[in-house]
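No lab work stands behind these numbers, since they all come straight from the coordinates. As the structure is a prediction and not an experimental result, all values here were calculated from the model. Don't worry about glycine lacking a Cβ; one is built from the backbone with ideal geometry, like all the others, and counts go over all protein chains shown.
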Amino acid sequence: MTREEIIKTGDVVYRKPELLNDTPMHYCPGCPHGVVHKLVAEVIDEMGMRDKTIAVSPVGCSVFAYRYIDVDWEEAAHGRAPALASAIKRLWPDRLVFTYQGDGDLACIGTAETIHALNRSENITIIFINNAIYGMTGGQMAPTTLLGQKTVTCPYGREVALHGYPLKIADIAAILPGTCYVTRQTVDTVPAIRKAKAAIRKAFDYSMQGKGSNLVEIVSTCNSGWKLSPEKSFEWMRENMVPFYPLGDLKDTGKE
Amino acid sequence: MAKMHGAVVVDVERCKGCNLCVAACPQKVLELTPKTVNTKGYHYSQPVKEELCIGCASCAIVCPDGCITVYRKKEE
């Protein structure tokens, strides 16, 4: 069987989701943002919410997320995406509303908005990409940077005495009574990507059923900021990030 | 068991040569081009051992830029 025959007569096993448009992504080669964009686009398509989704993009690497996924977007001021999403969801209760934020946006400048929106039990989903560094501005230390991790602003490694401890946002969210579903996933391998997609689907479903606020944390990499190749950065993530940010569901009260 | 044949089509201009698909392929079908580059200057991914492809779509699932389309056909 030749290649042309398979292409002509075979089934399509995988194709870029239709909601993801042809604009070339500005992300660095191997950046997990692209994978998460694909998952979000696939889930929205599968839910049939293409015309009923309003997303909020953050400030950070994913600031241009509105260019790539063809749904309605609003751009929030730095860190204020959960506040904007709360307003949108209250005005349009039948819409699927989610924010897409990185760790600099969500865990640093937007901590107050994030925690209060989650605790108010707003029916929104927050997708949180945690790569332990400020990627867009050149690899500075973030609140989620691991102890001992070297960045351009802590070249000798993060120290407790000088910089304090890394912030575990998902663990904080899990103890808030307003949250419905809090999970931590990653996108390094095919099974992990499938699990992350199921988690995003579950969070979107819960937010549409009005069960409360949902947080999906994706433990991610920043190969440019970490100065590693895409494959090596996934290895580094598995060795260093995953033990500190353990994967799995932290809270799921939507089942009852 | 019927044998599955797959075919991988890479959107060459969209590819950034991150090598994740090459690492994810269980059959080692894909490789980055050693000498040629696309208009952005990246060495892009191309199927070199096409006959080994089983159409599992691992490469397409891990591709951050959605450059890969995978086709599959059962051998009659």
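Evaluate the following for A:T99: is it under 25 Å from A:G30 (Cβ atoms) and hydroxyl-bearing (S, T, Y)? Please lay out each step first, then the result.
Numbers: under 25 Å from A:G30 (Cβ atoms): yes; hydroxyl-bearing (S, T, Y): yes.
For A:T99, the condition - under 25 Å from A:G30 (Cβ atoms) and hydroxyl-bearing (S, T, Y) - is met.
The numbered conditions (1) surrounded by fewer than 24 Cβ atoms within 10 Å (Cβ to Cβ); (2) over 16 Å from A:L118 (Cβ atoms) are all true for A:I175 except (2).
Filtering segment B:28-41 down to residues that are in contact with a Ser or Thr (Cβ under 9 Å, 6 or more places away or on another chain) and either within 12 Å of chain A (Cβ to nearest Cβ) or over 18 Å from A:R15 (Cα atoms) (or both), which residue is surrounded by the most Cβ atoms within 10 Å (Cβ to Cβ)?
Taking segment B:28-41 first, the residues in contact with a Ser or Thr (Cβ under 9 Å, 6 or more places away or on another chain) are B:30-33.
Still in the list and also either within 12 Å of chain A (Cβ to nearest Cβ) or over 18 Å from A:R15 (Cα atoms) (or both): B:31-33.
Working: B:E31: 16, B:L32: 18, B:T33: 16.
So, considering only residues that are in contact with a Ser or Thr (Cβ under 9 Å, 6 or more places away or on another chain) and either within 12 Å of chain A (Cβ to nearest Cβ) or over 18 Å from A:R15 (Cα atoms) (or both), the one surrounded by the most Cβ atoms within 10 Å (Cβ to Cβ) is B:L32.
Scanning segment B:1-25 for residues that are farther than 17 Å from A:G30 by Cβ and in a strand (DSSP E or B) yields a total of 6. Annotation note: Cβ proximity below 6 Å between a residue of segment B:18-37 that is in contact (Cβ under 8 Å) with a residue 12 or more places away in the chain and a residue that is surrounded by 19 or more Cβ atoms within 10 Å (Cβ to Cβ) and in a strand (DSSP E or B) (sequence gap 6+ or interchain) occurs for B:C21/B:L30; B:C21/B:S45; B:V22/B:L30; B:V29/B:P47; B:L30/B:S45; B:L30/B:P47; B:L32/B:S45. Of all the residues in segment A:158-167, those that are under 22 Å from the mean Cα position of the chain (by Cα) and crowded, with 19+ Cβ neighbours inside 10 Å number 1. Within this structure, B:Y71 passes the test of being touching a strand residue (DSSP E or B) at 6+ places or on another chain (Cβ under 7 Å), buried (at least 23 other Cβ atoms within 10 Å of the Cβ), under 27 Å from A:V36 (Cβ atoms) and within 11 Å of chain A (Cβ to nearest Cβ). For segment B:5-27, a residue qualifies if it is surrounded by fewer than 19 Cβ atoms within 10 Å (Cβ to Cβ), at the interface with another protein chain (Cβ under 10 Å from one of its Cβ atoms), within 22 Å of A:A192 (Cα to Cα) and out of contact with any strand residue (DSSP E or B) (no Cβ under 8 Å at 6 or more places or on another chain), and the qualifying residues are B:A23, B:P26. When A:S220, A:S224, A:S233, A:S207 are checked against the criterion of being in contact with a Cys (Cβ under 9 Å, 6 or more places away or on another chain), crowded, with 19+ Cβ neighbours inside 10 Å, within 14 Å of chain B (Cβ to nearest Cβ) and more than 23 Å from B:S58 (Cα to Cα), A:S224 stands alone in meeting it. Here B:A2 does not qualify as in contact with a strand residue (DSSP E or B) (Cβ under 6 Å, 6 or more places away or on another chain), farther than 22 Å from A:H37 by Cβ, surrounded by 16 or more Cβ atoms within 10 Å (Cβ to Cβ) and in contact (Cβ under 8 Å) with a residue 60 or more places away in the chain.
Under the condition of being under 19 Å from A:A65 (Cα atoms) and more than 18 Å from the chain's Cα centre (by Cα), the residues counted in segment A:107-137 number 1.
Having 1 or more residues that are acidic (D, E) and within 26 Å of A:V43 (Cα to Cα) is the bar; report the strands (runs of 3 or more DSSP E) wholly within segment A:161-256 that clear it.
Details: elements: A:179-186, A:213-219, A:248-252.
In segment A:161-256, the matching strands (runs of 3 or more DSSP E) lie at A:213-219, A:248-252.
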